[in-house]
Amino acid sequence: MTDSIKEEKKSAAAESAPGVNGERPAAAVSGMLMLLLNIALSILSVIGIIGSAIRIEQGALAWISLLILFILYLSIGMPILLAGLKVLKPNEAYVLTLFGKYYGTLKGPGFYFTNPFVTAVNPGAEALTALNAPSSGTEGSSPQAAPKATKKISLKAMTLSNSRQKINDELGNPIEIGIIVIWKIIDTTKAVFNVDNYCEYLSIQCDSALRNIVRLYPYDAPEDSGERSLRGSSQEISDKLKEAIQEKVDVAGIEILEARITHLAYAPEIAAAMLQRQQASAIIDARKMIVDGAVGMVEMALEKLSENQIVELDEERKAAMVSNLLVVLCGNKDAQPIVNSGSLY
C-alpha cells in the first residue's frame, strides 16, 4: 500500500514539472541543409544588392525596397540563422531553453539546426573546466592553456577525486582517507535544473557519504576476529559508498559507476603510536604462535620417548627436559649446547 502511494506521488510530481523531471528531444533539422541554404541566400542577396544599386537611379520604389531587404538579410537574418547551427560530438548534449522555458535536449553526434533564439545551459561548465585543467608542470616549463568552459554537457564517464579528509573511525581514531568516484550524467535536465551546480553538488555528497560510512568501521581489526574494517573490507566499503552516493545524487540525474578508496592512513598525530601498537600486536601474535608450536613439539617428544621406551624419565627429569626444550625452541638466539658428563644429582 505504501509503495503504491509513493509511486502515485512520484508520478504526480513528474506531471507537475515535465520539463524538469524528464528529457525531451529538441526540434532540429539538418544543419548542413540550412547552411547551404543560408550560403545560397547570402549570394543571392549580394547579387541583389549590386543589381538594385545599379537600377536605383531609375527612382523605382521597388528597387529601393529590395535593396533594403537584401541589406537587412545580410546584416541581421544571416547571423541569426548561423546562430541556430549546432555541432555535437559523441557523448555530448545541449540543454536548450527558449526565453527561460525548457525547449529540449539535443543529443547524438551530428550537425543540427535548431531555433536560433534558444540558449544552451550548463551550470557545471566552470567546475568541470577546473576539474580537467592541466597541471602547471615542472618549474621552468611553459604553462599550458586551460580548457575553455563550454555549454555542451558531457555524457562521458568522468572522474572526481576530492581532497583527503580527516575523519574519526568507529573507535574514535583520526584517520586520513581519500576516494575517487567514477560518474556520468544520464539525465541532463535533472543535472541542469534540479541542482545549482551538479559538479559541486556531487563533490559535497561524496564527502558527506564518506564521513557517514567511515564512522561505522574501525581502521583495522584482527584477522581471526571476523570484524569488518576499513583496511580489510575495502570492497564492502566501496559498495556501500557507491550506494550511499547514488541515493543522494539521483535528484541530479547522475549515475555512480564506481567509488574506490585511494588513500587510507592514520592521522600524523597518532601515526607513531599506532605503529608501535601494531608492532606490539605482531610481536605478541608471533610469540603466541612460537609458544604453541614449542609446547606441541615438547609433548610429541615426550610421547615418542615413552612409546619407544628409549629412556624412563621421572617427573623431575621430565620437568628439566621440558624446561630445556622450551628454552631452545622459544629463544631468540641459537642455543649453546652443554655436554653433561656426570649425574644430574
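Would it be correct to say that residue 45 is among the hydroxyl-bearing types (Ser, Thr, Tyr) and either in contact (Cβ under 8 Å) with a residue 24 or more places away in the chain or exposed (fewer than 11 other Cβ atoms within 10 Å of the Cβ) (or both)? Can you show your working first?
Numbers: among the hydroxyl-bearing types (Ser, Thr, Tyr): yes; either in contact (Cβ under 8 Å) with a residue 24 or more places away in the chain or exposed (fewer than 11 other Cβ atoms within 10 Å of the Cβ) (or both): yes.
For residue 45, the condition - among the hydroxyl-bearing types (Ser, Thr, Tyr) and either in contact (Cβ under 8 Å) with a residue 24 or more places away in the chain or exposed (fewer than 11 other Cβ atoms within 10 Å of the Cβ) (or both) - is met.
Just to be sure, is residue 180 over 14 Å from the mean Cα position of the chain (by Cα), in a strand (DSSP E or B) and more than 30 Å from residue 24 (Cα to Cα)? Let's see the steps before the verdict.
Details: over 14 Å from the mean Cα position of the chain (by Cα): no; in a strand (DSSP E or B): yes; more than 30 Å from residue 24 (Cα to Cα): yes.
No.
Among the candidates 80, 76, single out the residue that is surrounded by fewer than 16 Cβ atoms within 10 Å (Cβ to Cβ) and without any contact (Cβ under 8 Å) to a residue 24 or more places away in the chain. Outline the logic, then answer.
On the way: 80 fails: without any contact (Cβ under 8 Å) to a residue 24 or more places away in the chain.
Exactly one residue qualifies, and that residue is 76.
Identify all residues within the range 90-129 that are touching a residue at least 40 places away in the same chain (Cβ under 8 Å), under 32 Å from the mean Cα position of the chain (by Cα) and more than 16 Å from residue 24 (Cβ to Cβ); write none if there are none.
Within the range 90-129, 91, 92, 110, 111, 122, 123, 124, 127, 128 meet the criteria.
Looking at 305, 241, which is the one that is out of contact with any Asp or Glu (no Cβ under 7 Å at 6 or more places or on another chain), modelled with pLDDT under 85 and surrounded by 14 or more Cβ atoms within 10 Å (Cβ to Cβ)? Step through it out loud before you land on a result.
Values: 241 fails: modelled with pLDDT under 85.
Unique residue meeting the criteria: 305.
Is there a residue being farther than 30 Å from residue 103 by Cβ and either open to solvent by 20 Å² or more (accessible area, probe 1.4 Å) or in contact (Cβ under 8 Å) with a residue 60 or more places away in the chain (or both) anywhere in the range 182-194?
Of the range 182-194, the ones farther than 30 Å from residue 103 by Cβ are 182.
So of that shortlist, the ones also either open to solvent by 20 Å² or more (accessible area, probe 1.4 Å) or in contact (Cβ under 8 Å) with a residue 60 or more places away in the chain (or both) come out as 182.
Within the range 182-194, one or more residues are farther than 30 Å from residue 103 by Cβ and either open to solvent by 20 Å² or more (accessible area, probe 1.4 Å) or in contact (Cβ under 8 Å) with a residue 60 or more places away in the chain (or both).
Go through (1) at pLDDT below 90; (2) touching a Lys or Arg at 6+ places or on another chain (Cβ under 6 Å) and name the single condition residue 92 misses.
Only one criterion in (1) at pLDDT below 90; (2) touching a Lys or Arg at 6+ places or on another chain (Cβ under 6 Å) is unmet by residue 92, namely (1).
Check whether at least one residue in the range 85-100 is out of contact with any Asp or Glu (no Cβ under 6 Å at 6 or more places or on another chain), aliphatic (A, V, I, L, M), in a loop (DSSP other than H, G, I, E, B) and surrounded by 12 or more Cβ atoms within 10 Å (Cβ to Cβ), and report yes or no. Spell out how you get there, then give the answer.
If we filter the range 85-100 for residues that are out of contact with any Asp or Glu (no Cβ under 6 Å at 6 or more places or on another chain), which is where we start, we get 85-100.
Those left that are additionally aliphatic (A, V, I, L, M): 85, 87-88, 93, 95-96, 98.
Those still in the list that are in a loop (DSSP other than H, G, I, E, B) too: none.
So far as the range 85-100 goes, no, none of its residues is out of contact with any Asp or Glu (no Cβ under 6 Å at 6 or more places or on another chain), aliphatic (A, V, I, L, M), in a loop (DSSP other than H, G, I, E, B) and surrounded by 12 or more Cβ atoms within 10 Å (Cβ to Cβ).
Filter the range 167-210 for residues that are among the charged types (D, E, K, R) and within 15 Å of residue 263 (Cβ to Cβ) and give the result.
Filtering the range 167-210 for residues among the charged types (D, E, K, R) gives 169-170, 176, 184, 187, 190, 196, 200, 207.
The answer is 169, 176, 207.
The values are calculated or read from the model by the stated rules, or taken from the named source; none is laboratory data. Remember, it's a predicted structure, so these values are computed and weren't measured experimentally. Using ideal geometry, Cβ is built from the backbone for each residue, glycine included, and neighbour counts are taken over all protein chains shown. Side chains are part of the model used for accessible areas, which takes the heavy atoms of the whole protein and leaves out ligands, DNA and RNA. Shrake-Rupley method; radii C 1.70, N 1.55, O 1.52, S 1.80 Å.
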